[in-house]
Amino acid sequence: MVAVRFSAALCLLAVSLAWGQAATPARPGDAVPEDVLKDIKAKFVPPATIMSPQEKLQILTDRMKGVLRAGSAAEDKHPQAKNLHEVRVLMLQAAGFLAGRDEEGAQGSLLGVAQRILKGDAPPEVKVEADRVLTGERLKTLSGEKLQQEIRDLAKRFKDTPAAGAAVAYAAILAVQHRQTKLRDELLGELEAKYADTNPEITGLLRRMGRKVDVGKPFQAELTGLDGKKLTLPKDLLGKVVVIDFWASWCPPCAVSAPELRQVYQKVKDKGVQFVGISLDREKTAVEDFVKRLDLAWPQTFSGQGWEDPTASRYGIRSIPSLWVVGRDGKVTSSDARAHLEEEIQKALDAETK
C-alpha cells in the first residue's frame, strides 16, 4: 500500500488542522511580511524532480533546517507581529520533522517553539499544536492514572474553543501511542460523536483507527471520466452496487492488484455491480496508458489533482489502493474492502435483495 507521508501522523494532522484556521489580521507595519511567510511555506513543497527517496529526504531535511533559520530571523525582526504565530506553527512542523529524524538539537527547538507559541498571542487552533507537543514530552515521565489524566487534560484545556476537535484528536493519538486502550476508545467515541463531520482530517484519523464513520452514509462525488463525461454519485448509479477504487499509475500495489480486481469485475459485472476508478494521477496520459496496459474495462475518472483530488480529500484517502463498496441505495457498506472485496460485494447484494 502506498501512503502519502511528509512526517509522522501527528505532523500530517497538525499541518492540516493548523492551516484550516484563518490567518490573524495584522496592521500594516505590525506583521511578518507576506513574502517572508510565502518563502517559508514554499520550503514545505516536496521536490518535483525525480530522485531517490534518500535524496528527497535529505533535501527536505535541509529545507526544514532552513525553515527554522528563517523563522528565528522573523521572530528577531518582528517580535510583536500579530501574525507571528503563523511563522511559529511552521517552525513547529519543521522541528517536529527534524526531531523525528533525530537531528541534533531538533527536540530542543521543538519544545522551545512550542513554549513560545503557548506564551504568545496565538489562536486556539495554533496553541493546540504546541500543547500536544509539550503534553507528549511530559508523558515520557508518567504512567498509570497520572498519564491518563494528563492526556484527558489536553482535551479539556480546549473545550468550547475552535480547537476542541483537534485537541480530542491529539489526545486520542497520545492514548494510542501509550497503549491506553480504554482511554483511546473513550476519546475516539467522543471524536466520532462530536467532530467527525467538522474536519476531513479528523474523519480520516477515525477511519485509520478502524472507526466505520462512513458506513451507512451516502457516497457523494462529482467525477469526470477520461472521456470528459460527468458522473454524479450516488444519483447516477442508484440501483447498482458500486465498487470505488482509488488508485494511481505510479502506485506499485495498484498494478499488482489489478489482475485480481479484473477477475472480481468479470464475476460480478452482470449482477448489478458497477466498478468506478478514481485516479490520483496528475497526468492524464499516465492514466490512459495504465488503463490500456492492464486492460481495466470499467469507467475511470480523473481530476488531475493527485492526492488533492476532491473526492479523495473528502474521504480522507491517505493510502492506495483503497476500495470502497456502495449499496444500491447509494450508501457506503464498506470503506475498507480491499482484503475481502468479493465478500463485501456479496454482502451489499444480499442486503439489497432481502
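Descriptive notes on the structure:
- Of L223, L183, L154, L191, all but one fail to be under 30 Å from K284 (Cα atoms) and among the aliphatic types (A, V, I, L, M); the exception is L223.
- Among residues of region 282-300 that are free of Cβ contacts under 8 Å to residues at least 24 places away in the same chain, those with a Cβ under 9 angstrom from a residue that is assigned to a helix (DSSP H, G or I), sequence gap 6+ or separate chain, pair up as R293/A255.
- For beta carbons closer than 6 Å, sequence separation of 6+ or different chains, a first residue in region 50-77 that is assigned by TED's automatic domain parsing to the domain that holds V89 and a second that is surrounded by fewer than 16 Cβ atoms within 10 Å (Cβ to Cβ) and not hydrophobic (A, V, I, L, M, F, W, C), the qualifying pairs are K56/P47; I59/P47.
- Exactly one residue among P253, P259, P234 is touching a residue at least 24 places away in the same chain (Cβ under 8 Å), farther than 19 Å from P321 by Cα and assigned by TED's automatic domain parsing to the domain that holds L341, and that residue is P234.
- Pair list, Cβ under 8 Å, 6 or more apart: region 142-163 residue farther than 15 Å from D131 by Cβ and in contact (Cβ under 8 Å) with a residue 24 or more places away in the chain, other residue among the polar types (S, T, N, Q) and crowded, with 18+ Cβ neighbours inside 10 Å: L147/Q180; Q148/Q180
- Residue under evaluation D245, criteria (1) of a type in the set (D, E, K, R); (2) assigned to a strand (DSSP E or B); (3) exposed (fewer than 14 other Cβ atoms within 10 Å of the Cβ), criterion not met: (3)
- The strands (runs of 3 or more DSSP E) found entirely in region 267-354 that carry 3 or more residues being of a type outside the set (S, T, Y), closer than 20 Å to K229 by Cβ and modelled with pLDDT of 95 or more are 273-279.
- When each of G204, G239 is tested for being surrounded by fewer than 15 Cβ atoms within 10 Å (Cβ to Cβ) and within 30 Å of G272 (Cα to Cα), the lone residue that passes is G239.
- Filtering region 142-152 for residues that are polar (S, T, N, Q), assigned to a helix (DSSP H, G or I) and within 21 Å of A70 (Cα to Cα) leaves an empty set.
- Residues of region 190-204 that turn out to be touching a Lys or Arg at 6+ places or on another chain (Cβ under 9 Å) and closer than 30 Å to K146 by Cβ, as a count: 3
The values are calculated or read from the model by the stated rules, or taken from the named source; none is laboratory data. Please read these numbers as outputs of a predicted model, since none were measured by experiment. Virtual Cβ from ideal backbone geometry, glycine too; neighbours counted across all protein chains shown.
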